[in-house]
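Reading through the structure tokens given below for one structure.
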Amino acid sequence: MSNSSMNTDDKNKDFKKFSNLGDNRKPNSSEQNKNIRNLMIWLIIGTALISIYLMFAGSNRSEWPVTYTEYKRFLEQDLIKYAKITKSQFNDFEFHGVLKDKVRLVIDGQQREITNFVTKLGVLDSKVESVWESKGIAIRYEESESGFWNAIISFLPWLMLIALYIIFIRRMQVGGPKGIFSFGKSRAKLHSNGETKITFEDVAGADEAKYELLEVIEFLRDAKRFQKLGGKIPKGVLLLGPPGTGKTLLARAVAGEANVPFFSISGADFVEMFVGVGASRVRDLFDNAKKNAPCLIFIDEIDAVGRHRGAGLGGGHDEREQTLNQLLVEMDGFEQNSGVIIIAATNRPDVLDPALLRPGRFDRQVVVDRPDVKGREGIFKVHVKNIPLSEDVDLDTLARATPGLSGADIANIVNESALFAARRNSDKVTMFDFENAKDKILMGIERKSMVISDKEKEMTAYHEMGHALVGKYLPEADPVHKVTIIPRGRALGLTSYLPTEDLHTFSQKYIETKIVTLMAGRSAEMLIFNNLTTGAANDLLQATKLARKMVCEWGMSNKLGPVTYLTHHDEVFLGRELTQPRDHSEDTAKIIDAEVRSILTASNEKAESILSDKIELLHKTSKILLEREVLDGDELDLLILGEDLPPLNKKTISILKNLKFDEIKENETNTEPSIN
């Protein structure tokens, strides 16, 4: 295993890019679709124009059709002046007559005055002609030449509509990318020919996940090397981790490294409002994957389609459950799929269906957690490749100053630092820019335009200095990194700490120290002003959460002992929390409340005791903080040792004046800001 891990970088370099996949596709398919669309548009326009022409031609015609009975009445009443007899190509005789005076008739449901009319003649013989002669009707005979074309024109709109209907049906059957029934087709994108430029060299802070995925790719490239020892190809790899840790980036790196077809799709692309569409898309996706096997399928945010079945307050969603059932069958059903590997990503593994997580479907679950110090430094190196850095930039210090941040957060800090440098017209990004970007991301943007009274500013200075001094005099506390009374975000002031190392487990002493430092700001207000403000609201909230976890979850209470009284936090929409019985009695709940109150009270008293002993130092440091507005950890150490602070660097003052943050107007809310 060690040799394999040591040679990971060499293996990454040995990967070849994709061969030309999908060359059998028609290069001019988009042009053909465009031509068909244009043809359909012209057919619709032509049909509309012909219909309009026939409508107006009918409304403005000079001859009105009448029945044979009306014609006989005109003949008997001697109303016809003269007439024209025509014979069409179908041997039909028509009588085109002109009346002596206007006659009112109901034609097409309307009263009309007509002088010209036309009617069909049953027979034409000498007897009929003698009747016309007796009535004095002047008759002339003509051969009609427009009957055939009139019939064609009358049928032309219907012919065009039929042709349009046939085109639509053919498009439905073909199932083109924009066909009417194409919603049943998979929307997965096929990556080929090295289309994705991201490789494993662009991914840092997730070495274990890279190794797992690298092994999967090697299995696809050389399966015989693994199968000769009886190994089987894994069916699926599930990437688990908080948002922003690089799960999707890892999948994109796989697409850039793999030498096999790579399909990518989001879990939300499966589910539609039509029942059965999601299952149809799953079938179509796996059918395409089998044709291109061996291949990889990446499903991002799989929790959108893989949620627990039969759960929820209102019952299951039939469409989503059908989609999940089809996905389960395709991954490991009666028909075995060979050469198709699923890679899925989610930050909500707790809501996934157990059938989806069993071996045989997702054989491997790879945790992509927040990076450690070494991983954060590697992520910084990846993101500053194309950024000109000043010589004073120390990526190791930045990595230690950003504990708990994900890769997306670090990328945001690097981008903000570049924007800071551009605002002050600098050619390089300095450590000053990174510090400002880090403070902006972690604490919020400076609100220098906010108007604060001198009294409120003084209370904020004592509050923040209470946090800082208590943190300095407690050995278990994290080192103080910076104290500021410049409003940031929704806070009037902030005290930030810089842990010396990443902690994965916390001791009772460390947690108690954390609570004492949280209560110190409130204690300083009470000690100096004999008054309390709402600025400590967030401090009390965090301290109470820690104290309750100490009592209920971590067994750190002498009265309750090593027992967990965990409050259920299952998802309401999974329907679990509503059915969970309470796991402790009312008397125990009273003891829990008393223990939490006891921890908070003791922490408050300890903070007041420390600040009372250092009351002169509290006054001195608070006044200096009022003057400078910002103090870092080293400056605070000098003040504690009784030394004077050096004057501010003129270059730093010039930089601060040139920053154009005052031009950025923040949208203020009506909520009352708090001191944190």
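The values are calculated or read from the model by the stated rules, or taken from the named source; none is laboratory data. The structure presented is a predicted model; accordingly, all values stated were derived computationally and were not measured. FYI the Cβ positions are ideal-geometry reconstructions off the backbone, even for glycines, and counts take in every protein chain you see. Side chains included, ligands, DNA and RNA excluded: accessible areas come from the protein's heavy atoms. Shrake-Rupley method; radii C 1.70, N 1.55, O 1.52, S 1.80 Å.
With a 1.4 Å probe rolled over the protein heavy atoms of all chains, the accessible area of Trp158, Trp132 falls in the order Trp158, Trp132, largest first.
Couplings for segment 239-248, taken from phi via the Karplus curve 6.51 cos²θ - 1.76 cosθ + 1.60 with θ = phi - 60°, read 8, 10, x, x, x, x, 8, x, 5, 5 Hz in order; Gly and Pro are left as x. Over all directions, the projected convex hull of the C-alpha atoms in segment 371-425 averages 3.6 nm² in area. What the Cβ-Cβ distance of Arg225 and Ser390 gives, at R0 = 56 Å and to the nearest 0.05, is a FRET efficiency of 0.70. Legend: residue pairs Lys210/Lys385; Lys514/Lys606; Lys482/Lys620; Lys197/Lys235; Lys438/Lys614, Cα-Cα distance threshold 23 Å; pairs beyond threshold, Lys197/Lys235; Lys438/Lys614. Under 5 Å between amide hydrogens, built in the peptide plane, is the criterion, and for Ile137 it picks out nothing among residues at least 5 positions away or on other chains.
Each label point was placed 7 Å from the Cα along the Cα-to-Cβ direction; for Glu629 and Arg283 their separation is 6.7 nm. For the peptides 471-482, 107-118, the ranking by packing is 471-482, 107-118, with the highest mean count of neighbouring Cβ atoms within 10 Å listed first. Between Lys457 and Glu201, what FRET efficiency comes out of the Förster formula 1/(1 + (r/R0)^6) with R0 = 35 Å and r the beta carbon distance, rounded to 0.05? Efficiency for this residue pair is about 0.10.
Diffusion coefficient (Stokes-Einstein, Kirkwood radius over C-alpha pairs, 10 °C, 1.306 mPa s) for segment 341-491: 84 µm²/s, rounded to a whole number. For segment 211-217, putting each phi into the Karplus relation 6.51 cos²θ - 1.76 cosθ + 1.60 with θ = phi - 60° gives couplings of 5, 4, 6, 4, 5, 5, 5 Hz, in residue order, rounded to whole numbers and with x for Gly and Pro. Using R₀ = 22 Å, calculate the FRET efficiency as 1/(1 + (r/R₀)^6) where r is the Cβ-Cβ separation of Tyr165 and Ile45; round to 0.05. FRET efficiency, Tyr165 to Ile45: 0.85.
Extension gain for Lys559 to Leu79 (0.36 nm times residue separation, less C-alpha to C-alpha distance): 160.7 nm.
Modelled this way, with points 7 Å down the Cα-to-C-beta line, the labels at Lys428 and Lys291 are 5.6 nm from one another.
A crude spin-label estimate for the pair Thr500 and Met450, with each label 7 Å from Cα along the Cβ direction, gives 3.3 nm. Computed from backbone phi with θ = phi - 60° and the Karplus coefficients 6.51, -1.76 and 1.60, the 3J(HN,Hα) list for segment 103-114 is 10, 8, 9, 8, 10, 6, x, 10, 6, 10, 9, 10 Hz; x is used for glycine and proline.
Cα gyration tensor of segment 432-532, axes a ≥ b ≥ c as square roots of the eigenvalues: rounded (a/c below 1.5), prolate (a/b > b/c) or oblate? It comes out oblate by the Cα gyration axes. Stretched out straight at 0.36 nm per residue, the stretch from Glu215 to Val351 would grow longer than its current Cα-Cα span by 46.2 nm.
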